[in-house]
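All remarks here apply to the structure that follows.
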Amino acid sequence: MKTILVFGNELVREDSLAKEISREIRMPGVRFVQCLSPEEILNYKDDTICILDVVKGIDKVEVIDDLEILKSRKLCSAHDLDLSFFLKIMKKHGMLRSKVRIIGVPMDGDRAKTKKQLTDFLKKDLLDEN
């Protein structure tokens with residue numbers, strides 16, 4: 001069973017698509033876990049931690065395997081702590097022993113098109129594992 005940790009803020013339109021479509025997808029062998037904060041990653045010790053989140057600047061579902069390409073914005077308060085910043089800190093301090101794979105969905109993506117792309121990707125990804 002592949003566990004995918006899903007991040008986003010349903011109260012912010014630009015940050016809600018990953019959570020919304022993950023609730024609609026039913027696929028054998030895939031379990032989506034809706035996360036409220038980045039610290040929840042610490043509860044998972046899989047070889048590869050798989051994350052689903054919106055990504056600004058992409059126009060289709062993409063996989064990000066290199067945390068260094070994630071941009072962190074300058075923080076102003078504790079409320080501005082974002083997932084990429086948290087992952088980079090975990091990695092820097094040796095707290096991130098697993099490989100991280102982020103499945104990014106477009107921030108402004110068409111819901112139906114993005115859902116199909118994600119479903120197609122997951123089907124292919126599961127086949128590649130076997």
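The values are calculated or read from the model by the stated rules, or taken from the named source; none is laboratory data. From a predicted model like this one, the values you see are computed outputs, not experimental measurements. When we count neighbours, we look across all protein chains shown, and the Cβ atoms used for this are built from the backbone with ideal geometry, even at glycine.
Only one of these is touching a residue at least 60 places away in the same chain (Cβ under 8 Å), part of a loop (DSSP other than H, G, I, E, B) and of a type in the set (A, V, I, L, M, F, W, C): I25, I21, I58. Name it.
It is I25.
For segment 23-36, check the following and say yes or no: at least one residue is modelled with pLDDT of 85 or more and farther than 20 Å from Q117 by Cα. Working first, answer last.
Start the filter on segment 23-36 by keeping residues that are modelled with pLDDT of 85 or more, which leaves 23-36.
Of the ones still in play, those that are also farther than 20 Å from Q117 by Cα are 35-36.
Within segment 23-36, one or more residues are modelled with pLDDT of 85 or more and farther than 20 Å from Q117 by Cα.
Taking into account only those residues within segment 96-122 that are in a strand (DSSP E or B) and among the basic types (K, R), which is nearest to E10 (Cα to Cα)?
Looking at the filtered set, the residue picked out is R101.
Within segment 56-111, can you find the residues that are in contact with a Phe, Trp or Tyr (Cβ under 6 Å, 6 or more places away or on another chain) and either among the small types (G, A, S) or modelled with pLDDT of 85 or more (or both)?
Across segment 56-111, the qualifying residues are V61, S72.
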